[in-house]
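*Asks:* Questions regarding the structure given below will be posed in turn.
Laboratory data are not the source of any read-out in this text; all were calculated from the coordinates shown. Computed from a predicted model, the values in this text were never measured in an experiment. Backbone-built Cβ (ideal geometry, glycine too); neighbour counts: all protein chains shown.
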Amino acid sequence: MSKKLSALAVTFVALALAACGAGSVGAGNTALMNGTTYSLPAVDSDLAMTATVPKDTIGEELPEEGVGSLKSSIWKATLGGFTQTQRTQSLAFPPGTKITIRNLSSSITHTLDVVKVISGPPAVFPANPNLSIPAKGDGKLEAGYASGPISPGKSVTVTLVKAGTYEIGCAFHYGEGMRDVLVVKNGAKPGPQATPPSPKVTATPWR
């Protein structure tokens, strides 16, 4: 068995043990607990693991870290970096929901800022918005909200206090494609997910 497959086997065994254990997870570890799955780090640079984020959670990371990006036919824009399942999609929650914003990255700090409020499609993202790095909004997501820096693997909570359609982005990586649409409305559904990013090729192809 190759070293890579051995590492993968160990990862799955560890996950299974954590799922059957007492329900505690140490920093940097992952587990399947109480019916929810948490993001797993890559075993190495070309063998990535993905998992579904818990209910009422927005996961965020750079598109190339794993969530990918997609050209949305509904919003007439390229979305990237935010998901409420596994990979990039437009987001949707009912008003009043208290959500968790979780940084899925293992090494990069992100934010979630409201870029602007729009009436509906298309989503026209401004080229260079002035996004806040310090937290703003007192834990209530509406116009002007900013999560503040969220370290790798950490999270913040925010309540969706007002119905509306919000363009969101990362203050650090907006120009690198971390921008999305969040619909806060009863009955709204998240959009389709991006396709998985292309795997990294680390070996020379056989000739």
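*Asks:* Separation between the S132 and E64 pseudo-spin-labels, each 7 Å from Cα along Cα→Cβ, expressed in nm?
*Replies:* 3.1
*Asks:* How big is segment 53-201 in terms of Cα radius of gyration and Dmax, in angstroms?
*Replies:* In order Rg, Dmax, the Cα atoms of segment 53-201 give 13.7, 45 Å.
*Asks:* In segment 68-110, whose amide N lies under 19 Å from the spot 7 Å out along Cα-to-Cβ of K154? List them in ranges.
*Replies:* Zone members listed by number: 99-110.
*Asks:* What is the gain in length, in nm to one decimal, between K162 and A143 on full extension, counting 0.36 nm per residue of separation less the C-alpha to C-alpha distance? Walk me through the numbers before you get to the answer.
*Replies:* Values: separation 19, 0.36 × 19 = 6.84 nm, distance 0.94 nm.
That works out to 5.9 nm of additional length.
*Asks:* How high is the FRET efficiency from K55 to I108, r the C-beta distance, R0 25 Å, rounded to 0.05? Let's see the in-between values first.
*Replies:* Values: r = 25 Å, r/R0 = 0.99.
Efficiency for this residue pair is about 0.50.
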